[in-house]
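Asker: This is the structure, below, for whatever I ask next.
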Number of protein chains: 2
Amino acid sequence: MARGHCAQHWRVYVITDVILARGRTHEEIAREAIRGGADVIQLRDKQASSRELYQVALRLRQMTREAGIPLIINDRVGIALAVDADGVHLGPEDMPADVVRKLLGPNRIVGVTATNLEQALQAQQGGADYVGLGPIFESRGLDPDPTKATGLELVRQVRQALNIPIVAIGGVSLNNVASVIQAGAQTVAAISAIVTAADIAERVQEFAQHVQSAMTNCQHPSGEGSS
Amino acid sequence: MARGHCAQHWRVYVITDVILARGRTHEEIAREAIRGGADVIQLRDKQASSRELYQVALRLRQMTREAGIPLIINDRVGIALAVDADGVHLGPEDMPADVVRKLLGPNRIVGVTATNLEQALQAQQGGADYVGLGPIFESRGLDPDPTKATGLELVRQVRQALNIPIVAIGGVSLNNVASVIQAGAQTVAAISAIVTAADIAERVQEFAQHVQSAMTNCQHPSGEGSS
């Protein structure tokens, strides 16, 4: 998988956070997400022991490989290498991207969180394959502080400034997903809007359809659409 | 450093746990431990973020390299690789030793915790370079449950059964360190007995002297001494 290539084709990026998942496991979330057409799965668990995370990651590796989609591990480079994951996603409390790039090599995916334009530019300069941009809207998920919501204008700014794909995250829902794509994101990521759904597969499918429809309307993938 | 080789020369193995350390940092513990003659430093922190742990590990890597002693990272393989540590120590909640061996290669150290003879044999069969055996005595450290103390008889059994070095841990103090060495351990590790000391350097030096003295008395390194 060429660096920076794969992310351009992602529509829906599912993060298997179990805290909001109504008792469902990482495996259950991933299975349903794949059934609904998820383009990439990120395993995220800040509480699990390394042993537990490794065992879950092995199962998700098998599932995603059978589905032909990438598996990305949040934060934990050793786990990612151990299960031959496709990449790692790095937040601000994780290892620096340039250090992780050396460990993963050029052919794995390194995604980096950014909350503003400066961080997004740093992520690209640091060799990130995509930027996880947000929180775009007020969110019930990872960072519930509404004052931090960046809004769509940041998506437009980052789209103008960066070459790497934008994975928009934070409060993205079926109601606003079209606006996020029209602002220039290639991919939408959601935690609460997906893992809290009674039918995760159906919800992922709806997200994928909304992204697809919005992309057609704004002549993606250039991101310079009619909006 | 040849696999399994280095550990045979360790006397005192210092674990930089900060929880019991009276407010002292990993760096402060490591600096004093090195000053007192520690033979190996293990960085252990289950609470820190990956970013924090990486930054601390970088500083400990520099300090241990200048001192010419190995740095071992508890649990976190990605951090160990990122800072070019000498090895990783694995507890029961960490990744399996054979998986970690593949990631670290033959020339780095893999240490594995064992609480009984079966686990010690498994550790050796799994490619461990040393076994961290214990808790030998009732401990105020990692696992304060006194019913789990294994006693010196386990050290003797493991010494008979294994070829790799024994790093004895758990309740090891200046009062009992000679008995641990005489039972067959090559190395003593301590958390509370070292990091709670007012003068860590002095305490490490005392441990090293006690180990040296006990080794002379029981004709180590064979471990089959006069006891």
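Only the coordinates and a few stated rules stand behind these numbers; no lab work does. The structure presented is a predicted model; accordingly, all values stated were derived computationally and were not measured. Neighbour counts run over all protein chains shown; Cβ positions are idealised from the backbone, glycine included.
Asker: If B:TYR13 passes every condition in (1) assigned to a strand (DSSP E or B); (2) over 17 Å from B:ALA189 (Cα atoms) but one, which one does it miss?
Answerer: Of the numbered conditions (1) assigned to a strand (DSSP E or B); (2) over 17 Å from B:ALA189 (Cα atoms), the odd one out for B:TYR13 is (2).
Asker: Within segment A:130-144, does at least one residue satisfy the condition of being charged (D, E, K, R) and closer than 27 Å to A:ARG65 by Cβ?
Answerer: No, segment A:130-144 contains no residue that is charged (D, E, K, R) and closer than 27 Å to A:ARG65 by Cβ.
Asker: In segment A:198-219, what residues are in a loop (DSSP other than H, G, I, E, B), touching a helix residue (DSSP H, G or I) at 6+ places or on another chain (Cβ under 9 Å) and over 11 Å from A:ALA33 (Cα atoms)?
Answerer: Within segment A:198-219, A:CYS218 is the sole residue that qualifies.
Asker: Further question: Could you say whether any residue in segment B:128-135 is in contact with a Lys or Arg (Cβ under 7 Å, 6 or more places away or on another chain) and either closer than 24 Å to A:MET95 by Cα or away from chain A (no Cβ under 14 Å) (or both)?
Answerer: Within segment B:128-135, one or more residues are in contact with a Lys or Arg (Cβ under 7 Å, 6 or more places away or on another chain) and either closer than 24 Å to A:MET95 by Cα or away from chain A (no Cβ under 14 Å) (or both).
Asker: OK, next. If a residue has to be crowded, with 24+ Cβ neighbours inside 10 Å and touching a Ser or Thr at 6+ places or on another chain (Cβ under 7 Å) to count, how many in segment B:177-192 make the cut?
Answerer: Adding up the residues that qualify gives 1.
Asker: For segment A:23-122, which helices (runs of 4 or more DSSP H) that fit wholly inside it have 1 or more residues that are more than 14 Å from every other protein chain (Cβ to nearest Cβ) and free of Cβ contacts under 8 Å to residues at least 40 places away in the same chain?
Answerer: By residue number, A:26-35, A:50-67.
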